[in-house]
Amino acid sequence: MSSALKLAILGSKGTTLDLIAGLAHAKAWPISAVVTLNAESAARNNVAFFRGAEIAACCGAAGIPCHEARSYTLTDPADSAYFGQQRFDLLCVLGWERLVPATILATLGKFACGMHGSAFGLPRGRGRSPMNWSIITGHNRFITYLFRYTPGMDDGDILGSRVFEINAHDTIETLHQKNRIAMLQVLGECLSKIAAGEVVVMPQPPGEPSYYPKRIAQDGLIDWRDSTRTIHRLIRAVAPPYPGAFAYLDGRRIGVQAAQPFDAALFASSVAPGTIVDVSVAGGSFVVKTADGSLLVTQFDGVAAAELRPGSRLTGATARPDFAARYGKDIPRSQWEIVPPNDE
């Protein structure tokens, strides 16, 4: 195997750690360096699934140089200087939820590439958290692409793609695992061609793009007036390693990590949504009334099952998040993938 291609990995999450391990196991190509994020910057930017220390340890054990970037935006002069000195050929990005600036891209002998996709296929579904949104909106498949980075948002040419299912048991963690597997498969097909300058890229399909808005931790607040299915999808979409869904009981925050639809016939429709209708101390679980049935909460924190009482009521969201306010002025309303209910 030729080692003419100087390959670096950019990322700071558990998916990055698994990508490094997967490339090493497959002997797909030698990794020249890994660029990750320092813990302070990760905390400041609320990076979910941050695994900087584990990435550094993995690199140390494998003899791979590991560099901590000063800034998540890679705009710190020290970051620009590092990339300018290293002159990598290919930068593979996974677990880095920021654009790569043109100044960094200009230092690369080939290009940077990473994964992005949506339930519809690009150019629909550019922007933030497409896998989370795909679970929330009830889709059953995801089309993911390995694409060339540009200074723009998810608009580069395509090197390859994969389709994977979103099944009823998937959470955001398993979707990230599927996406990382897809990246390893496509890279396995492309790396030797990239090194030889023979890789074929395709422009994204024609059509107007659409964009997903940013999600924040507060968006995990459950609205018990929603249907059982809607609440269940939210819980799966923001499950660990993300901050998670949650509600309140007498002012105490109750985190909900896992749940399942329970029953639509056992409990009277007159019972208010959010009411705890059953508690299993032995099973460490409880059942909550929803708008059209009930939900069995199987993993939670903030309270012990023995403290819960049937008839107590969980409180949650009383209004929809203002996702419209999170779209920048440069994205016209016609390109919003998530449209406020009163605009539909």
- Message: Going by what's in this entry, would Ala259 be described as touching a Ser or Thr at 6+ places or on another chain (Cβ under 7 Å), of a type in the set (Gly, Ala, Ser), in a strand (DSSP E or B) and modelled with pLDDT of 95 or more?
- Response: yes
- Message: Where the second residue is of a type in the set (Lys, Arg) and open to solvent by 60 Å² or more (accessible area, probe 1.4 Å) and the first is under 18 Å from Gly117 (Cα atoms) and lies in segment 188-216, which pairs have Cβ atoms under 6 Å and are six or more apart or on separate chains?
- Response: Ser210/Arg124; Tyr212/Arg128; Pro213/Arg326; Lys214/Arg128; Lys214/Arg326
- Which of the residues belonging to segment 111-144 are over 17 Å from Ile172 (Cα atoms) and in contact with a Lys or Arg (Cβ under 8 Å, 6 or more places away or on another chain)? Phe111, Ala112, Cys113
- Item | Options Arg313, Arg320: the member that is open to solvent by 70 Å² or more (accessible area, probe 1.4 Å), of a type in the set (D, E, K, R), within 16 Å of Ile222 (Cα to Cα) and in contact with a Gly (Cβ under 7 Å, 6 or more places away or on another chain) | Arg313
- Item | Matching residues, segment 258-295, being open to solvent by 50 Å² or more (accessible area, probe 1.4 Å), closer than 19 Å to Ala168 by Cα and of a type outside the set (A, V, I, L, M) | Gln260, Pro261, Phe262, Asp263, Asp292
- Tell me which residues, restricted to segment 14-62, are open to solvent by 10 Å² or more (accessible area, probe 1.4 Å), within 16 Å of Arg180 (Cα to Cα), outside any loop (DSSP other than H, G, I, E, B) and in contact (Cβ under 8 Å) with a residue 40 or more places away in the chain. Thr15, Leu17, Asp18, Gly22, Ala26
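The values are calculated or read from the model by the stated rules, or taken from the named source; none is laboratory data. Note that the coordinates shown come from a computational prediction; the quantities given were computed from them, not determined experimentally. Here the Cβ is made from the backbone with ideal geometry for all residues, glycine too, and neighbour counts use every protein chain on show. Note: areas computed on protein heavy atoms with side chains; ligands, DNA, RNA excluded. Shrake-Rupley method; radii C 1.70, N 1.55, O 1.52, S 1.80 Å.
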